[in-house]
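This report concerns only the one structure given below.
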Amino acid sequence: PYYIDLNQTLFAQVRLRSTDSNLLVFGDTCIASPQPDFGSLTYNLIRSGCSKDDTVVTYRTLEHYGRFKFNTFRFLRSFPSVYLQCDILICDSNNANSRCTEGCTSRQKRDISS
């Protein structure tokens, strides 16, 4: 557990431990929940690489690090804890068309061939 007061800034970081310098780390989705099993009550901080909370700031990917910050909050008054769960993508930095280089994608691409 990490203890912090309400409305303070919380910095989060993920680090890839690899000697391969051609890898990028990208925070695709991060959600918060008052329950460790992430049941029905969740809150989107980042979805598809896009900030979904006004206090979320994502930092440019640097080598093997993905970083963001947000203001801490509480789920209603009856939940004393908030749990975070993030989906992190690892991409080849030589691929200019990878999901990591796309950044925020607000909608899915569709096949219009038919």
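The values are calculated or read from the model by the stated rules, or taken from the named source; none is laboratory data. As the structure is a computational prediction, the values presented were derived from the model and not from experiment. So basically every Cβ, Gly included, is an ideal-geometry build from the backbone, and we count neighbours across all protein chains shown. Quick note on the areas: whole protein, heavy atoms, side chains included, nothing else; ligands and nucleic acids left out. Shrake-Rupley method; radii C 1.70, N 1.55, O 1.52, S 1.80 Å.
Could you tell me which of the residues PHE75, PHE68, PHE79 is part of a loop (DSSP other than H, G, I, E, B), buried (at least 16 other Cβ atoms within 10 Å of the Cβ) and touching a residue at least 12 places away in the same chain (Cβ under 8 Å)?
Checking each option against the conditions leaves just PHE75.
Let me confirm something: among THR58, THR42, THR29, THR105, which residue is at pLDDT below 90 and within 15 Å of the chain's Cα centre (by Cα)?
THR105
Among the numbered conditions (1) free of Cβ contacts under 8 Å to residues at least 60 places away in the same chain; (2) open to solvent by 90 Å² or more (accessible area, probe 1.4 Å); (3) assigned to a loop (DSSP other than H, G, I, E, B), tell me where PRO1 comes up short.
For PRO1, the failing item is (1).
Looking at region 42-60, which of the residues that are in a loop (DSSP other than H, G, I, E, B) and out of contact with any strand residue (DSSP E or B) (no Cβ under 6 Å at 6 or more places or on another chain) is surrounded by the most Cβ atoms within 10 Å (Cβ to Cβ)?
Only one residue fits best here, namely SER48.
What about SER40, is it among the hydroxyl-bearing types (Ser, Thr, Tyr) and farther than 30 Å from ASN94 by Cα?
yes
Given the conditions (1) closer than 15 Å to GLU102 by Cβ; (2) surrounded by 17 or more Cβ atoms within 10 Å (Cβ to Cβ), report the number of the one that SER33 does not fulfil.
Single failed check for SER33: (1).
Specify the residue that is most open to solvent (accessible area, probe 1.4 Å); the eligible residues are those in region 11-26 that are within 13 Å of the chain's Cα centre (by Cα) and of a type in the set (A, V, I, L, M).
Residue satisfying both the conditions and the ranking: VAL14.
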